[in-house]
Amino acid sequence: MKLTMIVLIFLVNFCFAIKIADNGPNFARINFVIMGDGFTLDEQSKFDSLANLLKESLFSFTPYKQYQKFINIHRINLVSEESGTDIPSEGNYISTVLNSYRGTYGYGIREDIAEGIATDSIGSWDAVIIIINYHQDGGATRDKVCFFGIDDYSNTCRHEIGHAFANLADEYVGFTLDTNPPPYVVEPNVAVPPDTTPETIKWAKWVTGGVLWPTPNEGIYSWQVGLFDGARYTYGVYRPEFFCIMQTGGGAYCRICTEAIVLKIKDKVNTIDSPNPPSCNVGYTTEPLEFSLGLLDTENIHYIVRWYLDDSLLTDEQAHTITIVPTSFNFGTNNHTLKAIVKDSSTYWYHPGWDTVPFVKNDPRNLMQDTIVWPLIYGIAVEKATLAQAQPLFNVFSTGNAVGIRFNPQGTFRLSVHDIRGRLVDNMGSGFSRVTVQKQFRPLASGVYIVRLIAGSRVYSGKAVVLR
Ligand SMILES: [Zn+2]
């Protein structure tokens, strides 16, 4: 029994994945897997440094650069018996793990083996990147697996992973006119008639006034998003920009390809990454409750945050945390919800000297927005709020000469200011509101005042100290 187990351990070709970019748990991130073919045991350190260079190359390139905290990169070391790759034209066949070859038109590989190894090692993944140990440029992609030789690996990887990860089409201008173009193309960066008008084209949200349509295939029009004839190696299929790494094999992704990659990232990764509390179901408390979003990468990504209590906008500030004071809203036996809506509105420098452009303009599935809802369940009706409990209801503010009060009435309210003997000093008015109300005190002499707020059927009062 013991012997059998030992034999099994040696027979299983188990591959360890090493996370060379660890930006969080795999299930909550995009996962790229880098492996090599034709690297012998002695050449593993060569592969390791190539994998590191590849990681640095991707993470210095828009939009992976800005969104790198959304991406894990795993390295899997595959040890081939022999070094290099098959060259069938020379009758040269060697033994490598993924059985790659270099043919007349480029590289080929057993991508099914690579897929199996990636799945066995890390479970679910988003793209496999394979460096073939052979010094000739070129690359290809099949399904979600891309592979290429060592020469010019950096540009080739950026192009090929556009296919493998974001299903981008080649934007190569064709050699012939396709008299029978496909009736529909699924890739986000190419289009065919009839959906080639400025209004109906996939990238219509990027089309601005004054664009020639179709757009001449000339470099002077490279600033604009238009309708350029030629993509997928043929005329009759259109691309959105004059230049793009999906066409040139160098340079940057065009704005449409960049958008597609960001949307693909956002489709999987929730920007509300580590909310605290993870969920909320509390009994009655008068203690302030703090909620935080734990947004993913607030340095490189720009977020617009909106907080809602029972669907009423609480504040228009950009706070990533908020404190809810249970006594500040219509407590009782009702249940409440606290909701935060987070929108990624990041921009980038597409072209030096231009204004920045948004990563995404066309977002029909609303992927740039994430929402979290915390149910707040208060089981006990509260009939008496002491002064101390009511105190946090008020937020007395002071800006310049103005002193005032902010509060969240959640219904009808009446507000007044009294001196410490209870005499009315200022009737500040009444109304109905479910959002934060801000009222400025009229000039008051220095002293202690009582601010009295009647909200619904309840009365609160708190002290305001005015110093002049
Ligand atoms: Zn493009």
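Bear in mind that the values in this text are calculations on the coordinates, not laboratory data. Everything numeric here is computed off the predicted structure, so don't read it as measured data. Glycine also receives a Cβ, built like all others from the backbone with ideal geometry; neighbour counts cover every protein chain displayed.
Quick one: give the max-minus-min coordinate of the C-alpha atoms of segment 17-166 along each principal axis, largest first, in Å.
Projected onto its principal axes, the Cα set of segment 17-166 covers 45, 27, 26 Å.
What pairs in LYS65/LYS264; LYS69/LYS268; LYS55/LYS202; LYS19/LYS46; LYS65/LYS266; LYS46/LYS69 have C-alpha atoms more than 20 Å from each other? Don't skip to the answer; put the middle values down first.
On the way: LYS65/LYS264 15 Å; LYS69/LYS268 13 Å; LYS55/LYS202 31 Å; LYS19/LYS46 17 Å; LYS65/LYS266 15 Å; LYS46/LYS69 26 Å.
Table pairs above 20 Å Cα-Cα are LYS55/LYS202; LYS46/LYS69.
To make sure I understand, if each residue's beta carbon is the centre and we count other beta carbons within 10 Å, what order do ILE129, ILE161 fall in, fewest to most?
Details: ILE129 29, ILE161 26.
The order, fewest Cβ neighbours first, is ILE161, ILE129.
Given the Cα-Cα distance of ALA319 and VAL79 and 0.36 nm per residue of separation, how much length would full extension add, in nm? Present the calculation step by step, with values, prior to reporting the outcome.
Values: separation 240, 0.36 × 240 = 86.40 nm, distance 5.04 nm.
So the extension gain works out to 81.4 nm.
How much length, in nm to one decimal, is gained on full extension between LEU289 and TYR348, taken as 0.36 nm per residue of separation minus their Cα-Cα distance?
Working: separation 59, 0.36 × 59 = 21.24 nm, distance 3.63 nm.
Between LEU289 and TYR348, full extension yields 17.6 nm more.
For LEU444 and THR356, calculate 0.36 nm times their separation in residues minus their Cα-Cα distance, and state this gained length in nm to one decimal.
Working: separation 88, 0.36 × 88 = 31.68 nm, distance 4.77 nm.
Roughly 26.9 nm would be gained on extension.
How do ILE122, ILE109, ILE132 rank when sorted from fewest to most other Cβ atoms within 10 Å of their own Cβ? Each step should come with its number before you reach the end.
Details: ILE122 17, ILE109 22, ILE132 27.
Fewest-to-most ranking of ILE122, ILE109, ILE132: ILE122, ILE109, ILE132.
Taking other Cβ within 10 Å of each residue's Cβ, how do ASP42, ASP137, ASP112 sort, fewest first? List each step's numbers first, then the result.
Values: ASP42 9, ASP137 16, ASP112 12.
So the ranking, lowest neighbour count to highest, is ASP42, ASP112, ASP137.
Which percent, nearest 5, of DSSP beta bridges in segment 25-175 are antiparallel?
Working: 8 of 25 bridges.
Bridges in segment 25-175 that DSSP calls antiparallel: roughly 30 percent.
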